[in-house]
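Below: the structure, in structure tokens.
The values are calculated or read from the model by the stated rules, or taken from the named source; none is laboratory data. These figures come from a predicted structure and were not determined experimentally. With ideal geometry, Cβ positions are generated from the backbone for all residues, glycine too; neighbour counts draw on all protein chains shown. Surface accessibility is based on the protein's heavy atoms, side chains included, excluding ligands, DNA and RNA. Shrake-Rupley method; radii C 1.70, N 1.55, O 1.52, S 1.80 Å.
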Amino acid sequence: MTSTRERQRAAARARLEKEMAERAARARKRRQTQAVVGAGVVLLLVVAGTAWLASNLIGDDSGTDDTAQDGSQVQCDWVDIPAGERSPTTKDVGLPDTRQSQVGTQTMTITTNLGPITARIDRAAVPCTAASFTHLAEQNFFDNTKCHRLVTEGIKVLQCGDPSATGDGWRESDGTGGPSYRMAEENLPTDKRPPYPAGVIAMANSGQPASTGSQFFIVYGDSPLDPNYTVLGTITGGMEIVEDVAAAGDDGAFAQQAGGGHPKKEVVITDLTMTDA
């Protein structure tokens with residue numbers, strides 16, 4: 001039979017083996033945990049390093065286009081008229097740049113056979129229309145053209161800007177000309193009453209959206225026109241010239257259509273310039 005002492009020794013040995021096995025298990029678990037945590041730290045550093053590397057290689061794109069970010073320029077979308085759709089009264093002078101300034105003011109000087117007419121143009125209100133006029137003026141687009149239409153009843157405007165309205169006399173096509181592109185309307189006076197007071201210079205269009213070209217009109221009396229026409233600027237000098245032309249009347253050539261007629265007192269634009277104010 002097994003003695004009491006031997007049974008005690010066997011029990012003690014079993015307890016020691018169990019304790020050693022538990023210690024070994026705890027040690028393995030501790031090493032596994034450290035390995036997992038260590039791998040997580042490495043992964044975190046790799047991700048952080050990748051983000052740092054990407055940000056330094058790519059950079060902060062907020063500074064890649066200073067003019068776009070500081071709001072000094074706008075995108076102007078010119079509608080180029082296909083060659084097959086252009087009329088004989090269209091004058092091709094190319095397209096202005098698509099990026100244009102919307103900062104500062106310009107002075108438009110319309111030199112006529114009756115004297116100069118000046119207007120103040122705010123680029124912030126009409127950046128694309130102002131850019132178009134600058135482009136056309138640089139191409140001598142308006143030189144030696146006549147103001148082809150005067151309306152003395154109702155809307156009270158003198159209309160100019162058709163490149164084909166030149167030479168002696170009048171033609172049925174007068175009033176149909178323009179550049180080889182169109183643009184969207186800007187600065188519509190939807191909140192103004194009247195929309196077009198005396199002293200305003202505005203853009204003519206065909207009545208369809210984005211149909212503004214080169215033709216413009218000077219308002220010499222408060223006009224009840226609907227607010228569908230770009231307000232280009234304000235006349236600052238020479239308004240008496242327009243008033244004298246209006247006082248001389250029109251020939252009624254457009255009376256059955258758009259209204260008014262050719263001015264009886266001829267107005268010829270000899271030069272048009274746009275200068276920074």
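Arranged from highest to lowest average of other beta-carbon atoms within 10 Å per residue, in what order do the peptides 173-183, 94-104, 141-151 appear?
Values: 173-183: 20.9, 94-104: 14.9, 141-151: 22.6.
Top of the packing list down: 141-151, 173-183, 94-104.
Please work out how much length the chain gains when fully extended from ASN228 to ASN140, using 0.36 nm per residue of separation minus the C-alpha to C-alpha distance, in nm with one decimal.
Gain on extension, ASN228 to ASN140, equals 28.9 nm.
How charged is the neighbourhood of PRO227? Take every other residue with its Cβ under 14 Å from the Cβ of PRO227, and add Lys/Arg as +1 and Asp/Glu as -1.
Values: positive: LYS192, ARG193; negative: GLU185, GLU186, ASP191, ASP222, ASP226.
Within the 14 Å Cβ shell, the charges total -3.
For the full complex of protein chains and a 1.4 angstrom probe, list TRP78, TRP170 by accessible area with the highest value first.
On the way: TRP78 35, TRP170 80 Å².
Ranking TRP78, TRP170 by accessible area, largest first, yields TRP170, TRP78.
Sticking with the crude label model, points 7 Å out along Cα→Cβ, report the distance from ASP80 to ALA247 in nm, one decimal please.
About 4.9 nm separates the two model spin labels.
Could you give the length gained on full extension between VAL268 and ASP92, defined as 0.36 nm per residue of separation minus the Cα-Cα distance, in nm? Walk me through the intermediate numbers first.
Values: separation 176, 0.36 × 176 = 63.36 nm, distance 2.11 nm.
Difference between extended and current length: 61.2 nm.
Could you state the accessible area per residue of region 74-177 in Å², with a 1.4 Å probe and every protein chain left in place?
Here the residues of region 74-177 average 44 Å² of exposed surface.
Would you mind checking region 244-272 for residues with the amide N under 19 Å from a putative spin-label position 7 Å along Cα→C-beta of GLU153?
Within reach of a label on GLU153, which here means backbone N under 19 Å from a point 7 Å along Cα→Cβ, region 244-272 contributes 246-265.
Determine, from the Cβ-Cβ distance of ALA125 and GLN256 and an R0 of 25 Å, the FRET efficiency 1/(1 + (r/R0)^6), rounded to the nearest 0.05.
0.10
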